[in-house]
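So the structure is just underneath, and the comments pick up after that.
The values are calculated or read from the model by the stated rules, or taken from the named source; none is laboratory data. Note that the structure is predicted; figures quoted are calculated from it, not measured. Note that each Cβ is placed from the backbone with ideal geometry, even for glycine, and that neighbours are counted across all protein chains shown. Protein only, heavy atoms only, side chains kept; ligands, DNA and RNA dropped before computing areas. Shrake-Rupley method; radii C 1.70, N 1.55, O 1.52, S 1.80 Å.
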Amino acid sequence: MSEPARRIQLEPGWLEALADEFRQDYMQQLRSFLQAERAAGKVIYPRPSQWFNAFNTTPLDQVKVVILGQDPYPTPGHAHGLCFSVQPGVRPLPKSLQNIFRELRDDLGIENHSGNLEPWARQGVLLLNAVLTVERGRPASHQGKGWERFTDRAIQILNDGDRPIVFVLWGSYAQRKGSIIDRKRHHVIASPHPSPLSAHRGFFGSRPFSRINAFLGGMGERPIDWWLPDEA
């Protein structure tokens with residue numbers, strides 16, 4: 001394993017699978033970019049210890065579902081490395097997450113109030129953004145810096161695995177990124193994005209949560225418990 005890979009705090013299965021990426025030039029350039037941004041006083045979200053939170057919370061050999069996002073929330077106190085998820089105590093919830101919860105309520109009758117989706121991730125739902133960092137207040141500011149190639153490789157690893165996985169692609173960005181997925185081997189759920197601009201175009205009524213659990217049940221896998229405990 002390369003020296004850069006040894007320094008990365010990453011779940012062992014993912015670290016072994018992604019080790020070669022850390023010695024690639026693009027990852028060294030990405031690292032230099034992030035160091036320079038922080039040295040210039042720019043605030044980067046999430047904090048460095050959470051950049052790989054999606055991988056650390058959902059080990060490679062436990063992934064059953066992948067939900068693809070775009071990049072972290074640029075709002076202070078929101079991002080913690082899981083797509084669409086926010087840290088405990090955030091109010092109000094981001095509008096896309098509110099719409100996700102509305103669809104969950106309509107689909108399965110589950111009413112969630114906490115926006116921390118970590119319990120989903122611990123059941124095998126990989127909550128993966130295409131880009132793992134962002135500058136405070138500047139959405140999409142770290143696109144095109146190298147993260148996309150890294151997360152493409154993670155998707156390819158899952159695609160090449162021997163277990164069927166559910167890939168949830170909300171919106172055109174996720175659907176383009178998921179174009180490499182072998183739909184003969186994996187189950188793909190695609191719909192418009194849950195953002196307020198597009199949710200009414202087909203996200204509402206798409207019933208992704210029951211469809212995910214129906215597929216998992218058909219494969220003999222434990223379904224996902226989508227209920228989230230209320231915060232104290």
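If you take every DSSP beta bridge fully contained in the chain, what fraction is antiparallel? Give it as a percent rounded to 5. Before the final figure, lay out each step's value.
Details: 3 of 17 bridges.
Just about 20 percent of them are antiparallel.
Using a probe of 1.4 angstrom, how much of the accessible area of the chain is carbon and sulfur, in percent?
On the way: 5190 of 10800 Å².
Roughly 48 percent of what the probe reaches on the chain is carbon or sulfur.
Please report, to two decimal places, log10 I(q)/I(0) for region 19-96 at q = 0.13, 0.15, 0.17, 0.19 Å⁻¹ as given by the Debye formula with identical point scatterers on the Cα atoms and no solvent.
Values returned for q = 0.13, 0.15, 0.17, 0.19 Å⁻¹ are -0.51, -0.67, -0.84, -1.01.
How high is the relative contact order of the chain, given as a whole-number percent (alpha carbon pairs under 8 Å, six or more residues apart)?
Relative CO of the chain lands at 22 percent.
Grab every C-alpha pair in region 102-232, bin the distances at 10 angstrom width from 0 up to the longest one, and report whole percents.
Distribution as computed: 11, 36, 39, 13, 0 percent.
For region 123-169, with the dipole built from +1 on Lys and Arg beta-carbon atoms and -1 on Asp and Glu ones, taken about the Cα centre, which of Ile157, Val131, Val168 lies farthest toward the positive end?
Among Ile157, Val131, Val168, the one farthest towards the positive end of the dipole of region 123-169 is Val131.
Per residue, how much accessible area does region 88-216 have with a 1.4 Å probe, in Å²? Can you show the working numbers first?
On the way: 5650 Å² over 129 residues.
Dividing the accessible area of region 88-216 by its residue count gives 44 Å².
Hey, could you get me the Stokes-Einstein D for region 168-214, Kirkwood radius over alpha-carbon pairs, 4 °C and 1.567 mPa s, rounded to whole µm² s⁻¹?
116 µm²/s
Over the Cα atoms of the chain, what is the Rg over Rh ratio if Rh follows Kirkwood?
Using Cα coordinates only, the ratio equals 0.95.
Taking all pairs of distinct Cα atoms, average 1/r, flip it, and tell me the Kirkwood hydrodynamic radius of region 67-162 in Å to one decimal place. Walk me through the numbers on the way to the answer.
Details: mean 1/r = 0.0696 Å⁻¹.
Taking the inverse mean of 1/r over all distinct Cα pairs, region 67-162 comes out at 14.4 Å.
Starting from 0.36 nm per residue, how many nanometres of slack lie between Thr75 and Ser210 once their C-alpha separation is accounted for?
In short, 45.5 nm is gained.
At 222 nm, what helix-only mean residue ellipticity would the chain give, in deg cm²/dmol to the nearest 500, using -39500 (n - 2.57) for each DSSP H run of four or more?
-10000 deg cm²/dmol
So what are region 101-151's ellipsoid semi-axes, whole angstrom, largest first, if each one is the square root of 5 times an eigenvalue of the alpha-carbon gyration tensor?
Taking √(5λ) for each Cα gyration eigenvalue gives 28, 14, 10 Å.
In whole Å, how far is the Cα centre of region 29-62 from that of region 174-232?
With region 29-62 and region 174-232 each reduced to a Cα centre, they are spaced 26 Å.
Let me test this: with uniform point scatterers at the alpha carbons of region 1-139, what is the Debye-based log₁₀ I(q)/I(0) at q = 0.18, 0.22 1/Å?
Results for region 1-139 at q = 0.18, 0.22 Å⁻¹ read -1.08, -1.43.
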